[in-house]
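Reviewing the structure listed below.
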Amino acid sequence: QMDISGFTALSASIPAEELVELINAIFSSIDEAAMALGSVWKVETIGDCFKAVVGGIVPCQDHADRAVSLSLAILEIVQGISS
């Protein structure tokens, strides 16, 4: 599970259209990273929360490594967007 730190304050400080574009950019990039890794099941997104399971529906022996890789990719994505 991933939540965006400071999202509530951010959502009060920028126009709704800009917020939607930001969330779409973040989640679309995370979706791409998850697809590239494989064996990732996106459970749901609610507001600023992204929930996924690695190795659940599509079992794999290296699910822990893939989960860490996805986490690192998410950090890169968010840092890239905030720059």
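Taken together, the values in this text are just the output of simple stated rules run on the coordinates, not laboratory data. No experiment lies behind these values; they were computed from the predicted model shown. Cβ sites come from the backbone with ideal geometry, for glycine too, and all protein chains shown count toward neighbours.
Over all other residues within a Cβ to Cβ distance under 10 Å of residue 52, the charged ones net out to 0, with Lys and Arg as +1 and Asp and Glu as -1. Rounded to the nearest 10 degrees, the angle from helix 63-82 to the longest Cα principal axis of the chain is 20 degrees.
Compared with the dominant Cα axis of the chain, that is its longest principal axis, helix 16-37 is turned about 10°.
Rg ratio for the chain: its Cα radius of gyration over 2.2 N^0.38 Å, N being its residue count, equals 1.14.
Other residues with beta-carbon under 12 Å from the beta-carbon of residue 73 carry, at +1 per Lys or Arg and -1 per Asp or Glu, a net charge of -2.
The residues packed around residue 28, meaning those with a beta-carbon under 15 Å from its beta-carbon, carry a net charge of -4 if Lys and Arg are +1 and Asp and Glu are -1.
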